[in-house]
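Working notes, beginning with the structure itself.
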Amino acid sequence: MLLACADGEQDSAVDPLCEDAPVTTYDNFGQGFMLQHCQSCHASTAENRYEAPPEIVFDDEAKVQEHADRILARSTGEQPSMPPQGGVEAADRLRLEQWLLCE
């Protein structure tokens, strides 16, 4: 993350979450994570979306990035509410956060 300085120069301060994060992309992590943990309800082709809002679809990287703030709010932190059935390891939740924030 680059922060703009008052004089227009860039400060190379890095978010501590991102400092030692592994290189995480849609191809090497995000796509598989979304398929395993999110697509059963959030795919446009899901037969039963279990009341997931119809506009919240994660069919591709662009759609995921469009909803990144919402995904982070509901899938990371101390009491994540997504996926509702749980089952996501803490290390995978951290990597999700790093992918969406540090890319």
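Readers should treat all values here as calculations from the given coordinates under stated rules, not as data from a laboratory. Everything quoted here is computed from the prediction, not taken from an experiment. Glycine also receives a Cβ, built like all others from the backbone with ideal geometry; neighbour counts cover every protein chain displayed.
Averaging the sequence gap over all C-alpha pairs within less than 8 Å and six or more residues apart, then dividing by the number of residues, gives the stretch 24-102 a relative contact order of 30 percent. Using only side-chain charges placed at the Cβ, +1 for Lys and Arg and -1 for Asp and Glu, the dipole size of the chain relative to its Cα centre rounds to 500 debye. Give the angle, between 0 and 90 degrees and rounded to the nearest 10, that separates the Cα long axis of helix 90-102 from the longest principal axis of the Cα atoms of the chain. Its long axis makes an angle of about 60 degrees. Restricting the calculation to Cα atoms, every distinct pair contributes to the Kirkwood radius of the chain, found to be 14.9 Å.
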